[in-house]
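Reviewing the structure listed below.
The values are calculated or read from the model by the stated rules, or taken from the named source; none is laboratory data. Please read all numbers here as calculations on a predicted model, not as lab measurements. Ideal geometry is used to build each Cβ from the backbone, glycine not excepted, and the neighbour counts take in all protein chains shown.
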């Protein structure tokens, strides 16, 4: 049960400020006079700090409660990501999620629009964890090579066309597909069977044997 919030406290009046002594007036004071001004300022500062202490305590309590709330949100987000990784591994192992190779080979899949951008296709590492195609600062592309040239595909149709023409994801001498972990700048090159596509995102059907 949520504890009802206490009624707002009536702010305490600020302690009075000591009378200000102008700089010209300070010059005319002897050392004892300066000490008296300093003592008055110190006393006013102590009184002000005491008046502020209830508000500072409340601010600390509010910040602590906010930190507890943030901790619970992180716990839920981490549990959700953990469950998602487990589900991705399960679907990848059962074949429910096609590998990237199957996705590229499914040229006749009617669920995938020919001009669909690759950035809209949800992909995961087979071990779990969502990824995006391409570099973090240039997402949504897959590089293909014929052994000499490199072409960047930005749509499902382009990627499947290049695949159908015998091109392989990667660069000359560097096979594999470049991905970055979703929401980060961490990138890596992985083998085609190390990436799976979410079921229902298109490309889930492998071509039938002739």
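Some notes on this structure:
- Out of 127, 150, 206, sole residue that is at pLDDT 85 or above and either within 29 Å of the chain's Cα centre (by Cα) or not assigned by TED's automatic domain parsing to the domain that holds residue 83 (or both): 150
- For the residues 171, 101, 114, 159, the requirement of being modelled with pLDDT under 85 and farther than 21 Å from residue 86 by Cα singles out 114.
- When residue 163 is tested against the conditions (1) outside any helix (DSSP H, G or I); (2) under 18 Å from residue 195 (Cα atoms), the lone failure is (1).
- Just so you know, in the range 166-187 the residues that are in a loop (DSSP other than H, G, I, E, B) and closer than 19 Å to residue 124 by Cβ include one that is farthest from the chain's Cα centre (by Cα), and it is 176.
- Taken together, 80, 91 contain a single residue that is under 27 Å from the mean Cα position of the chain (by Cα), surrounded by fewer than 16 Cβ atoms within 10 Å (Cβ to Cβ) and at pLDDT below 85, which is 80.
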